[in-house]
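The values are calculated or read from the model by the stated rules, or taken from the named source; none is laboratory data. For clarity, every value in this text was computed on a predicted model and none was experimentally measured. Don't worry about glycine lacking a Cβ; one is built from the backbone with ideal geometry, like all the others, and counts go over all protein chains shown.
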Amino acid sequence: MAIVTDDIEIAVKKLQNGEVVAFPTETVYGLGANAFSGRKVRKIFELKGRPLFNPLIVHIASADYLDEIATSVPAVAKKLADLYWPGPLTLLLPKSRNIPDLVTAGMPTVAVRVPAHPVAKSLLEKLDFPLAAPSANKFTGISPTCAAHVAAAFSDQKLTILDGGHCKKGIESTIIGFKNETPILYRLGAIPIEDIEAITGNVEIMNQNKGVKPAAPGMMKKHYAPRTPLVLIKNIDQLGKVKFGKNAGVILFTDNVNVPAGFQCEILSRHADPEEACANLYAALHRLDNAQLDFVFAELLPETGLGVTINDRLRRAASNIL
Ligand code: AMP
Ligand code: MG
């Protein structure tokens, strides 16, 4: 059974003893272990049911520890780190020998970031090693944005969960790699790509569709998925026309009077604010997935800023589009 605690010292001891601990970040909860130990990191893959080709993100307390993780940092990466750390930006950098191959799935680059959550920060400050961590959900499942989501996913396993409340951003970090000084987007995330481009100029998009081993598994086609079939809609009016069975839910960006009666409705942001919508997205998916519905419908957001990130997650979670 999973144990939930807000006692950081318990988490510190467990991690020092080589156990995996779930911990809060501002993006989503992570499943962390000593990033310098392949043997300890292996336990994360086992718990999550994650294939070994899917690398992890290394979390550090501050950019001062970058030397221990990466062998070099392009000037443009340094600029982004100065601006966005601590925060939801992950950089792909040439990996140092301190980082076991298991963490990077044998790739020459390591994903690294400084989380902004105060609990993650003090946890990392108390440890003398960084934490390798993917999101604290089972492989391909919905990401967790509170301790209860993690506890539900790992209810049948022995796992300590450090409770730091709800994740403020609520969606994964933006992942940026580099070809010399050119930034490349590996995963859409909590920082809109327009914001990065305003600093760096044009950002190239990593081509995701080459074979079964994607360069960034966050871009895998099926990911972030509920058990209930999720169907995307471009327009609320489509809901009135579908014959969907008995029980259905709908995820809306904002209030809409045109939703036909009988739908269990989740509104992501009453103020139509994409940032608020990100913070609410996974909790809404978890709630509807636990409501014993036949179908969940979801409305796509306007394709700009964080709307692009939310639509990316919805498309990967969806089984169909109307
Ligand atoms: P998660 O936190 O569960 O989304 O998992 C970490 C994400 O970071 C995965 O989507 C990985 O693909 C991505 N990632 C970690 N290391 C690398 C790397 N070296 N190259 C590309 N993507 C990476
Ligand atoms: Mg994940």
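What to note about this one:
- Considering segment 139-148, and only residues there that are farther than 15 Å from Glu26 by Cβ and either more than 11 Å from ligand 1 (Cβ to nearest atom) or among the acidic types (Asp, Glu) (or both), the residue that is modelled with the highest pLDDT turns out to be Ala148.
- Within segment 28-51, considering residues that are away from ligand 2 (no atom under 15 Å from the Cβ) and either among the small types (Gly, Ala, Ser) or modelled with pLDDT under 95 (or both), the one nearest to Leu15 (Cα to Cα): Ala33
- Any hit, segment 14-28, residues being out of contact with any strand residue (DSSP E or B) (no Cβ under 6 Å at 6 or more places or on another chain) and free of Cβ contacts under 8 Å to residues at least 60 places away in the same chain: yes
- Assessment of segment 117-136 against the conditions (within 15 Å of ligand 2 (Cβ to nearest atom), surrounded by fewer than 21 Cβ atoms within 10 Å (Cβ to Cβ) and of a type in the set (Gly, Ala, Ser)) yields no matching residue.
- Search result, residues across segment 257-270 that are within 16 Å of Val296 (Cβ to Cβ) and assigned to a loop (DSSP other than H, G, I, E, B): Val259, Pro260, Gly262, Leu268
- Within segment 162-183, being part of a strand (DSSP E or B) and surrounded by fewer than 17 Cβ atoms within 10 Å (Cβ to Cβ) holds for Lys179, Thr182.
- Subset of segment 40-72 (residues that are near ligand 1 (Cβ under 10 Å from one of its atoms) and assigned to a loop (DSSP other than H, G, I, E, B)): Arg50, Phe53, Asn54, Pro55, Leu56
- Taking (1) small (Gly, Ala, Ser); (2) free of Cβ contacts under 8 Å to residues at least 40 places away in the same chain; (3) touching a strand residue (DSSP E or B) at 6+ places or on another chain (Cβ under 7 Å) in turn, Ala153 satisfies each apart from (3).
- Test for Ala33: is it closer than 16 Å to Ser135 by Cβ and surrounded by 19 or more Cβ atoms within 10 Å (Cβ to Cβ): yes
- Residues satisfying the stated conditions in segment 291-310, i.e. touching a Pro at 6+ places or on another chain (Cβ under 9 Å) and surrounded by fewer than 19 Cβ atoms within 10 Å (Cβ to Cβ): Asp294, Pro302, Thr304, Gly305, Gly307, Val308
- Qualifying residue in segment 247-266 (condition: in contact with a Gly (Cβ under 9 Å, 6 or more places away or on another chain) and at pLDDT below 70): no
- Against the test of being closer than 21 Å to Ser72 by Cα, touching a Ser or Thr at 6+ places or on another chain (Cβ under 9 Å) and within 15 Å of ligand 1 (Cβ to nearest atom), the options Pro86, Pro100, Pro108 yield a single qualifying residue, Pro100.
- When segment 184-207 is filtered for residues that are away from ligand 2 (no atom under 16 Å from the Cβ) and either at positive phi or part of a loop (DSSP other than H, G, I, E, B) (or both), the ones remaining, listed by number, are Ile191, Pro192, Gly201, Asn202, Val203, Met206, Asn207.
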